[in-house]
Amino acid sequence: MEVTAEQLKQFDGSDPSKPIYVAVKGRIFDVTTGKSFYGPGGSYCMFAGKDASRALAKMSKNEEDISPSLDGLSEKEMGVLNDWENKFQAKYPVVGRVI
């Protein structure tokens, strides 16, 4: 499945009949099984329905960091992002890509 960033927004957990998706480096993960974290009111709910790559790399929950942009990230931040990507891969199925 390929979706735009705009289409991805509909999978933010606000509609209980739809799965919850979070993208990392353009790959979309179905995080519905982690809805206590990513669903409404969860500690990472701000990432739901978005590509959270930059925020994960910076270990940030700030709205301005929730972006697919990797521009200007340090080597250390890229390493942190790769660790997050590996955690997501181990835990959640990949369901598509952001185009």
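Side notes on the structure shown:
- Accessible surface, per residue, of the chain when the full set of protein chains is kept, probe 1.4 Å, Å²: 56
- Within the straight-line cut-off of under 19 Å between alpha carbons, the aspartates and glutamates reachable from Lys35 are Asp12, Asp15, Asp51, Glu85, sequence neighbours fewer than 8 places apart in one chain being disregarded.
- Rounded percent of accessible protein surface that carbon and sulfur make up, the chain, 1.4 Å probe: 53
- By the compact-protein rule of thumb, 2.2 N^0.38 Å, the alpha-carbon radius of gyration of the range 1-71 corresponds to a ratio of 1.00.
- With both residues required to sit in the chain, DSSP beta bridges show an antiparallel share near 70%.
The values are calculated or read from the model by the stated rules, or taken from the named source; none is laboratory data. For clarity, every value in this text was computed on a predicted model and none was experimentally measured. Only protein heavy atoms, including side chains, enter the accessible area calculation; ligands, DNA and RNA are left aside. Shrake-Rupley method; radii C 1.70, N 1.55, O 1.52, S 1.80 Å.
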